[in-house]
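**Student:** Quick one: this structure, given as structure tokens, is what I'll be asking you about.
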């Protein structure tokens, strides 16, 4: 919580909440009632913001969870004589369960399908409520008791408002803590690039489910509050238009931005009231105002800012125990076999086309091994098979002596195989430091709850992680850039950051897919140095690269692939003089362009 | 004859100015290389020339006509073709469909469009074999050929290429460079951005070195290849010799 107080925006937020808290003492009941509507929308929008803003999943049926919460409270109170407080756990439970039921099958789909499925779900819930007898059909449910606190019924607008405000503060604290936790970081990484997130160890399906379910819980809570406030509910409050209103709040305010979402709620729920004097023209002016606001501020009224986590200072990071990576790697690999990885008869077929056929090779611990070959030879497909992105059609991958069964990529990362991508895939809208932290979050031991409660042992582990993350930035030479937006880094730095992010998971094997593409010779020189230093840490390196100067200069062994098969392997000099390799890949030296080969020998001397 | 003349070109993103008034020329039948480290502004230069980024100052003349800040499709119609970085093909379309889209501006002249596509198959026989294959399933070198062929359909006067060798096998790089030389010999002007400075300076006639948004050096390619600073910064390691 200490982070809450040391920023001007947080201070402003606390002042705003204080103003909201004393509002009932000097305002008319009508104003308080409008303020309560704003608070209700605020709660709902904060919940939807987790789904849409943090995790980037489009949900068009969010009002369904609102409805489930409201009907649960209404039915339990009217049929089973529960009091308001007793109904809340059930509201949360039912909303959460429906979140799982809807989310589990659909979150595997692409996000636009999810939007359609949620749209359908929202309508189904409304139609069920309209048609069942138990829910009172179109007339809804009457006679819901107000919330009761210490023997007093909370019936007056002011007391219900106070209750709503307490709920809002609880939700606020939850979403702020979540946003700063590793789960919040995982959500953002998912929104930025789902495949890259999976490849650095984020269990994307589970993380999406969590966003969806936590969003559902908050929606259910909003529904309970709504039922207790009005004493009556009917299906007309839970329409598609309601879902869209909540979505508009999030988009208008600024996706992922908590102050933005609250500002959006004030405008969407408050502006129509302020425009009452316009009578018939009210809706028209409101709609025009919304369009103008979106045109002027397409990013939202208060766009989300970069989350800044300050890395620890150099002394602090170096003084932290267990920051010595090389020792740690040596510890984990002690007693493991010398053959780190073995591909046995690995094949991969794409619709009849054999991209990789019967490929065999071994990777020895501590070596730098390169795979070269013409474009389309199947090199990246081999990488994808090793890292679980696509399962091999046949054959086996033996990792540390045991077969690597068909695991999801994030599980492969946890086993110690990390990779970078051919085209750079960073999380552009996270800071440089946070990109590295995402890469190591799968190694956290403490539970999410203890992290959010900032328990002392959780804080200690977080500190260790931050220190290690800082050291990885230092390893690739990006310490000074830690606080920058990753997407703003120049190209060469982005490449190095991608390597740091992969290293942060402390892999035993690092797979680099064309790391030198687009680098100039000076940058390639420093990349060669970096690759050697990675190997010196004890991390084995498997490299796909077209730059022969780099490959021949840095590799211990080279494997050559052509048309899905291994056509040669051996030391750099053996491979370079192999006639099949020259024919398929390097090219015969028929004209003056052969400097690439000439340069290789220069490089070997240097 | 001067085909492209750029004077005092200024470009920026937001508050940051990326190009601080650069000037360069490309003549007909000439390969001009634009070298520089990452982030120097090479891609921005190309994107501004072809109308994808707005210029804040300066002017761009193509064949005597001002094209500064014209919309990209008009600049393409006037004879400047841009082969973008990473090729940017229409991956779910076939090779032939990609080429047809390159000829979008030749509407209502089916016969002419077909003639030009056939000419591309003569230049790139490999693409004839692959004409019905989806572009996204081609190898990197074949994709680069499609990207160049797509740009050539409009029979440009000036061809602008952004890192055509990126991610390609050495053998393929050589054949792409051979095609670029052939186009030059047919009288086309070529502006080439490359990281592969060594090979680029061999095929280029002249070159500019762009650093921090300004032209630091210019001259004919052979001279620049001997320049100490160029060797140290872009040819790598040769400085020791």
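The values are calculated or read from the model by the stated rules, or taken from the named source; none is laboratory data. Computed from a predicted model, the values in this text were never measured in an experiment. Reconstructed Cβ throughout: ideal geometry from the backbone, glycine too, with neighbour counts over all protein chains shown.
**Student:** Considering A:255, A:282, A:191, which residue is assigned to a helix (DSSP H, G or I) and closer than 24 Å to residue A:434 by Cα? Full working, then the answer.
**Tutor:** Values: A:255 fails: assigned to a helix (DSSP H, G or I); A:282 fails: closer than 24 Å to residue A:434 by Cα.
Matching residue, one of A:255, A:282, A:191: A:191.
**Student:** Whether any residue in the range A:298-312 is part of a helix (DSSP H, G or I) and over 16 Å from residue A:249 (Cα atoms) is what I want to check.
**Tutor:** no
**Student:** Does residue B:160 satisfy the condition of being in contact (Cβ under 8 Å) with a residue 12 or more places away in the chain, away from chain A (no Cβ under 11 Å) and not in a helix (DSSP H, G or I)?
**Tutor:** Here the answer is yes, as residue B:160 does meet what is asked.
**Student:** Here is a further query. Evaluate the following for residue A:127: is it over 30 Å from residue A:16 (Cβ atoms) and modelled with pLDDT of 90 or more? Step through it out loud before you land on a result.
**Tutor:** Numbers: over 30 Å from residue A:16 (Cβ atoms): yes; modelled with pLDDT of 90 or more: yes.
Here the answer is yes, as residue A:127 does meet what is asked.
**Student:** Across the range B:58-98, what is the total count of residues that are within 17 Å of the chain's Cα centre (by Cα), outside any loop (DSSP other than H, G, I, E, B) and buried (at least 17 other Cβ atoms within 10 Å of the Cβ)?
**Tutor:** 8
**Student:** Now for a different question. Just wondering, is there one or more residues in the range B:167-185 that are in contact (Cβ under 8 Å) with a residue 40 or more places away in the chain, touching a strand residue (DSSP E or B) at 6+ places or on another chain (Cβ under 8 Å), away from chain A (no Cβ under 14 Å) and assigned to a strand (DSSP E or B)?
**Tutor:** Looking for residues that are in contact (Cβ under 8 Å) with a residue 40 or more places away in the chain, touching a strand residue (DSSP E or B) at 6+ places or on another chain (Cβ under 8 Å), away from chain A (no Cβ under 14 Å) and assigned to a strand (DSSP E or B), one finds none in the range B:167-185, hence no.
**Student:** Separate question: When only residues in the range A:232-267 that are in contact with a strand residue (DSSP E or B) (Cβ under 8 Å, 6 or more places away or on another chain) and surrounded by fewer than 22 Cβ atoms within 10 Å (Cβ to Cβ) count, which is nearest to residue A:287 (Cα to Cα)?
**Tutor:** A:234
**Student:** Working only within the range B:192-211, note down all residues that are within 11 Å of chain A (Cβ to nearest Cβ), modelled with pLDDT under 90 and over 14 Å from residue B:174 (Cα atoms).
**Tutor:** Matches in the range B:192-211: B:195 only.
**Student:** Next question. Would you be able to tell me the number of residues in the range B:127-154 that are surrounded by fewer than 16 Cβ atoms within 10 Å (Cβ to Cβ), assigned to a helix (DSSP H, G or I) and within 13 Å of chain A (Cβ to nearest Cβ)?
**Tutor:** Qualifying residue count, the range B:127-154: 1.
**Student:** I've got another one for you. Considering only the range B:15-30, I want to know if a residue exists there that is more than 20 Å from residue B:160 (Cβ to Cβ) and within 14 Å of another protein chain (Cβ to nearest Cβ).
**Tutor:** Yes: one or more hits.
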